[in-house]
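The values are calculated or read from the model by the stated rules, or taken from the named source; none is laboratory data. Because the structure is predicted, anything quoted here is derived from the model rather than measured. Because the Cβ atoms are built from the backbone with ideal geometry, glycine has one as well, and the counts that use them run over all protein chains shown. Ligands, DNA and RNA are stripped out before the accessible areas are found, and what is left, the full protein with its side chains, is counted by its heavy atoms. Shrake-Rupley method; radii C 1.70, N 1.55, O 1.52, S 1.80 Å.
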Amino acid sequence: MPPTPPTPNDPKKPTTPPAAGVKPPNGVGGTPQQKPAAPAGGGPKPQQKPATPGGAKPPAAGGPKPPPKPASPPPAAKAPPPKPKYTHVDTNSRQLGQKLVDLGHLDDTQLESIYEEMRTSDLKLGEIAANRGLVKEDQLLQATAEVFGMRVSTLEDVKPTPEAIKIVPQNMAELYKMVPLSFEQDTLTVAMSDPNNLQAVDDIKNFLSIRTVQAVLAPPAAVEMVMKKAYGGPGAEESLGSLIQQLEKDESIGKGVGKRETSIDLDDLQEMANSAPVRKLINMVMLMAIRDRASDIHFEPFEDEYKMRYKCDGVLLEMVPPPRHLAAAIASRIKVMSNLDIAERRLPQDGRIELTIGGNRVDMRVSVLPTMFGESVVIRVLDKGNVGLDLDKIGMPQDILSGFRQVIKKPNGIVLVTGPTGSGKTTTLYSALTELNDIDSKLITTEDPVEYEIDGIIQCPINHEIDLTFASALRAILRQDPDIVLIGEIRDLETAQIAVQASLTGHLVFSTLHTNDAPSSITRLRDMGVEPFLITACLEAIQAQRLVRKVCQFCRTWYEPTRDQLMELNLPPEQAKGRKFAFGEGCDKCNNLGFKSRTGLYELMLINDDLRDMIGRGASTDQLREYNKSRGMVTLREDGLRKLFDGLTTLEEVVRETVLDD
């Protein structure tokens, strides 16, 4: 057999010296290398062993060193993540929209068009798609069920059991948009048309003291039809009046309590608070208030009576009063729900109740105040779903809204919102923060108290008991590297000075004042002691606002105003010629009040160089007002007339909330 030729990696392969004048190869990738210096005396040049193919072995010790590797270029800066395009769309709506696309009922273009409409509409994604004729009800129901992992039921041939109807009051079923189907082995089965109500299952458990609640998804029309059949019979619905009549006949609750409630046994308090009739009464009152979009619930003890009232659209409405002897039981029940000390009846207490109704989280701030005849309890209802923190939905006219949006996007300065208590200042500022809340900016607020919790914003509550004031909190906030700061209210010179310093050091500051209109805010800052040159250096805009009740759109009626009514508005007859005003006759939708919800009246004063010169010279409020009107500022009265002419509010509301522009 002939000998096998040596392979390239064979150690027995003879090495061939490089030819004269040829540079030996380098060990790294065969790159040419500098020729080694010849030995002294002109002796023969040393031979070098050629590198193995592939550069697997490094060159021998003492040989020429390979050239240094070139420095790698620095990594490119990572691009910031793209901002989400539709931040106003919640997670559930996004999942539903994607599910409809996956099932082939919508395409991406149609989905984006629906997202755009949701910016200015109160309708949900499914409602918009159904109104456009893009999806059918059964398709929407099936997609919704798949997103939430629920079972679908058409409710055909389904008859709710008497046990289920008895345990769930009608007002609760209407509020949660659900109908009870069965109640067996401490498990309640309900059918609901809104899957977001799944988040309220815990509330139903707590209200009704039930261990398990199971929900199935059904068409809205089917739920409403079954509900009417279930609660249509006589005696099926227990109204607030009938419940109070039962409580008056029940002599076992609170009969031994005196009018001044000076001494009550703790065990008796606990027993009264946990009694079924009292629990049912409190649950019914709370659900009625949430259903009617009340802002406050008042429980007021007097010497010979006990009043329950709730405030809707700024007006207190009285409910059927409960028996006077239930005062201690009602207060104790509310204190138990808000984790307060029922044994402490001499000091004020503050607590909190959290509910989730219709997919919306409802915070209830409880305030208990000792009085001569018992404890007065006021519950502040903070319903985020009712407010809608969106600048496009708070009733701001387009011309004022565009100017306000330009101001809040400035890098630094102070923006003030003014008005009396309950004029919607906090809602406007929260709406602005919600629009500015993105991953690129750090937002910090300091409030007394924190009314709404917003993801992505650091919120610091004021606590006067430990001397945590606006001023002290603001000093600490400025060390947190914020971009935008919200101060709940500028009450004193110290807070105003720190706010000014914050704006001068590159921060955008939002805050509120209590003044009647925008120009008078300059005078208010001067009275606090803020120097005029500091006001002109940092102030960017002042917006004054009021809230007026909106005419119910279901019972709105038009009429021609009389001359006396026009004089009340200080409106010339020729200016109102051909215009009609509106009022609400009252219907079931508005509880026969003629009003439904509220809208805002706005007055925006933008600070320009001429206005800064006037402020620096000490111009009066009237001079500032006249100058701003000459440059086109819309006053509160003028914005009220706009909404009056559009039929959104009434003449009486505009007169009550605005003053004449002399």
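Observations on the model:
- Placing unit charges on each Cβ (+1 for Lys and Arg, -1 for Asp and Glu) gives the stretch 582-662 a dipole about its Cα centre, and among Val654, Gly618, Gly594 the Cα reaching farthest toward its positive end belongs to Gly594.
- Solvent-accessible area per residue for the stretch 509-622 (1.4 angstrom probe, square angstrom): 49
- Three-way shape label, the stretch 564-636, alpha-carbon gyration tensor, a/c 1.5: prolate
- The accessible area of Ser441, taken with all protein chains in place and a 1.4 Å probe, comes to roughly 40 Å².
- Net charge of neighbours whose Cβ lies under 15 Å from the Cβ of Arg475, counting Lys and Arg as +1 and Asp and Glu as -1: -3
- Local net charge near Arg556, Cβ-Cβ under 14 Å (Lys/Arg +1, Asp/Glu -1): +3
- Ordered by 1.4 Å accessible area with all protein chains kept, Glu451, Glu465, Glu638 run largest first as Glu465, Glu638, Glu451.
- When the GluC sites (Glu not before Pro) in the stretch 108-179 are filtered for DSSP coil states and for at most 15 other beta-carbon atoms within 10 Å of their beta-carbon, the remaining sites are Glu156.
- Cα centroid separation, the stretch 413-462 to the stretch 139-191 (Å): 39
- When Rg and the Kirkwood Rh are both derived from Cα coordinates, the Rg/Rh ratio for the stretch 365-418 amounts to 1.25.
- Dipole of the stretch 437-574 computed with +1 at Lys/Arg Cβ and -1 at Asp/Glu Cβ about the Cα centre; of Thr515, Thr446, Val530, farthest Cα towards the positive end is Thr515.
- Per residue, the accessible area of the stretch 277-321 comes to 38 Å² when a 1.4 Å probe rolls over the protein heavy atoms.
- Loop-located trypsin sites (Lys or Arg not before Pro) in the stretch 335-439 (DSSP state not H, G, I, E or B) with no more than 16 neighbouring Cβ atoms inside 10 Å: Arg346, Lys409.
- Counting only DSSP beta bridges with both residues in the stretch 393-527, the antiparallel share comes to about 5 percent.
- Scattering curve values for the stretch 92-235, log₁₀ I(q)/I(0), Debye with Cα scatterers, q = 0.11, 0.13, 0.21 Å⁻¹: -0.46, -0.61, -1.22
- Sum of side-chain charges, Gly488 neighbourhood, beta-carbon under 10 Å (Lys, Arg +1; Asp, Glu -1): -2
- Shape of the stretch 419-476, Cα gyration tensor, a/c cut at 1.5: oblate
- Heavy-atom surface analysis with a 1.4 Å probe gives the stretch 480-575 a carbon and sulfur content of 47 percent of its accessible area.
- Given a 1.4 Å probe and the protein chains as shown, Asp108 ends up with an accessible area of around 100 Å².
- Computed with the Debye formula from one identical point scatterer per Cα of the stretch 177-223, without solvent, the log10 of I(q)/I(0) at q = 0.16 Å⁻¹ comes to -0.38.
- Inter-probe distance in nm under a simple model that places probes 7 Å from Cα toward Cβ, at Thr523 and Thr421: 2.3
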